[in-house]
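Only one structure is covered here, and it is reproduced in the block below.
The values are calculated or read from the model by the stated rules, or taken from the named source; none is laboratory data. Worth saying up front: this structure is predicted, and the values here are computed from it rather than measured. Neighbour counts are summed over all protein chains in view; Cβ atoms, including those assigned to glycine, are modelled from backbone coordinates with ideal geometry. Heavy atoms of the whole protein, side chains included, go into the accessibility calculation; ligands, DNA and RNA do not. Shrake-Rupley method; radii C 1.70, N 1.55, O 1.52, S 1.80 Å.
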Amino acid sequence: MKLRRHRVVTASLFFFILHSSYFIGAARAQDVPTSGRAFLSDILNKPLNARAAALGNTFVATQNDPNTLFSNPAAISSIVIADSDRMNDISVSYSHYILDINEGAIVYEHPVPQGVLFAGNFAAGVQYFSGGSSTQADNTGQTLGTFSTGDVALLLAYSSTASNGLHYGVTAKVVSSSLVAGSSVQDYSATWMAADLGLYYEWAKERMTFGLSVLNLGTELSQYAGVSEPVGPNVQFGATIRPEHLPLTLGLDFHNITRDREGRNLFYAFDDFSVGGEFVLGKVVRLRFGYENELRHQLNVPAGSGLAGFSGGVGLHIKRYDIDFAIDDEGLDFTPFVRFGLRTDL
């Protein structure tokens, strides 16, 4: 009976906030003359690690990966480490774009055994984005110096199991963003405080997983030169399936489900989807592919979209190390963005 009450309270609280997030998003969309994808805080919704990027950002229902901290905190408690003498998990990710623009993340996960207060899994993470440095000039072309652009987020998450196969999780995070740092004229920076909520369910009999998360429920602590900017929410739903007798896991995610439809029909809310697949070839090699529909639409120009929205990668599982590489194209000409990830248990 106690377990049943625990499940009911967990589910009721989550869906209350999920229901509320729709009205929060709608209210903010009316106040700001841009769509829900146009905010600088959307840096929080990008696939930061190589595996997620290769899978087209289909990571809401992914299991056994500490980087689900950024997409669905509930899935953190699905992590299983084969060696019982090694309990912790650490992951380092790095992505290089063009020139001196890059981003990365570090995640550390630690399980708390049953019988201990707050039994479950804790995870802490740091993510950053560096836009590099640029030359600053006045309206006459006179050089005034240089300035830089960047974002940093600190995250702390907790995840546990409500019942057999059902997991829940919550993340608290603080984000600092600088549009113009080091400027001789004026610095433009802002700070947010936000939370993520998630549910994750593993249907072992059918070899399927399901994930539901509400990301970036928060508020501004400081603003860009007094200009207010919404923070989330980003409501996501995803599922994966491993067909029997096939070394393949397929995933489908829907992002920004509650975004403003901008006067379009209901199906517009589901147009922001991604698909991905991962082949397991023996004990070492994993081949991955992905597609992001919204990204391809955003980069649709008269000259063509090229391979925008498509991605691929390879993973190597060597003893207790996972080494991941990914490549994707986000431009008209094929400009590959190379991503690297390393994961191990401690």
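With every protein chain present, what is the per residue accessible area of the stretch 113-175 (1.4 Å probe, Å²)? That works out to 51 Å² for each residue.
Under the Kirkwood approximation applied to all pairs of distinct alpha-carbon atoms, what is the hydrodynamic radius of the stretch 241-321 in Å?
On the way: mean 1/r = 0.0668 Å⁻¹.
Averaging 1/r across every pair of different Cα atoms and inverting gives 15.0 Å.
Close amide-amide hydrogen proximity is noted between Asp260 and Gly36, each under 5 Å apart and 5 or more residues distant or on a separate chain (H modeled in the peptide plane; Pro and chain starts excluded). Each of His255, Gly211, Ala194 was placed along the dipole of the stretch 191-280 (beta-carbon charges, centred on the mean Cα), and the one lying farthest toward the positive end is Gly211.
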